[in-house]
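Worksheet: one structure, shown below.
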Amino acid sequence: MEGYDDWKHIVDAIERHETSKIHLDSCLINSGGYKKEKSFWRQVLSRLLEVTLILSTCNLAFRGHREKADSNDPSSLGNFLSIIELLRKYDPILQELLSKPKS
């Protein structure tokens with residue numbers, strides 16, 4: 001196992017590393033991924049807020065009559081999830097979100 005043992009010159013080593021081409025390229029790649037992820041979650045949030053505004057404007061409840069959602073009975077999803085499921089069919093952002101594995 002390798003490690004760093006020249007602690008007197010750590011500041012110089014960090015500066016060399018941070019200005020190296022490999023580090024700068026890695027930062028650019030990471031920045032692009034961060035921007036893509038940020039854009040994705042903003043779009044998700046925008047859609048969820050729009051559904052929330054529609055339900056509140058129409059004075060509709062978020063959930064249905066049943067307390068628990070039954071995966072076999074689509075009518076038990078409630079208003080919010082029913083609209084999200086409908087939009088999922090036509091919206092690639094929601095489709096991607098809802099097809100991601102749950103963690």
Legend entry - Unmet criterion (only one of (1) modelled with pLDDT under 95; (2) of a type in the set (A, V, I, L, M, F, W, C); (3) under 12 Å from the mean Cα position of the chain (by Cα)) for residue 44: (1)
Legend entry - Near pairs, Cβ below 9 angstrom, 6+ apart or cross-chain, from the stretch 43-65 (surrounded by fewer than 10 Cβ atoms within 10 Å (Cβ to Cβ)) to any residue that is outside any helix (DSSP H, G or I): 65/78
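The values are calculated or read from the model by the stated rules, or taken from the named source; none is laboratory data. Note that this is a predicted model, so its numbers are computed, not measured. So basically every Cβ, Gly included, is an ideal-geometry build from the backbone, and we count neighbours across all protein chains shown.
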